[in-house]
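All remarks here apply to the structure that follows.
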């Protein structure tokens with residue numbers, strides 16, 4: 001996760017390794033990259049982002065938050081209807097495939113926050 005840090009992206013993660021299946025880690029990383037790509041494309045030129053990884057023992061919670069323009073009500077449904085499936089497939093779909101859940105909190109002018117919950121299954 002630390003490799004995702006840039007001058008506009010802050011990353012916070014536990015000091016010790018977070019153990020989870022390799023496939024789950026790869027899918028979770030891909031979902032985070034998609035969320036950060038959306039920040040770059042849609043949040044505005046001055047937007048900053050924060051990524052927080054928490055190991056809750058049996059579940060990891062990964063939050064991706066930005067201070068950008070936010071997403072207007074109904075915009076994601078319109079994008080999906082137009083064939084733009086980045087959010088539904090690259091974020092929601094990946095996390096659902098891992099048995100996890102996704103929460104999205106956003107409003108115009110208020111930025112966007114994704115919260116990804118993924119079970120770790122106690123595996124490394």
Within the range 40-65, residues over 28 Å from residue 16 (Cα atoms) and either in contact with a strand residue (DSSP E or B) (Cβ under 8 Å, 6 or more places away or on another chain) or touching a residue at least 60 places away in the same chain (Cβ under 8 Å) (or both) come out as 43, 47
Residues of the range 92-105 being touching a strand residue (DSSP E or B) at 6+ places or on another chain (Cβ under 8 Å), surrounded by 16 or more Cβ atoms within 10 Å (Cβ to Cβ), at pLDDT 90 or above and part of a helix (DSSP H, G or I), in sequence order, are 95
Say whether the condition of being at pLDDT below 90 and surrounded by 18 or more Cβ atoms within 10 Å (Cβ to Cβ) is met by at least one residue in the range 42-53.
yes
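Looking at 30, 81, which is the one that is exposed (fewer than 14 other Cβ atoms within 10 Å of the Cβ), touching a residue at least 24 places away in the same chain (Cβ under 8 Å) and either in contact with a helix residue (DSSP H, G or I) (Cβ under 7 Å, 6 or more places away or on another chain) or within 26 Å of residue 108 (Cα to Cα) (or both)?
30
The values are calculated or read from the model by the stated rules, or taken from the named source; none is laboratory data. Quantities reported herein were computed from a predicted structural model and do not represent experimental measurements. In this analysis, Cβ positions are derived from the backbone assuming ideal geometry, glycine residues included, and neighbour counts consider all displayed protein chains.
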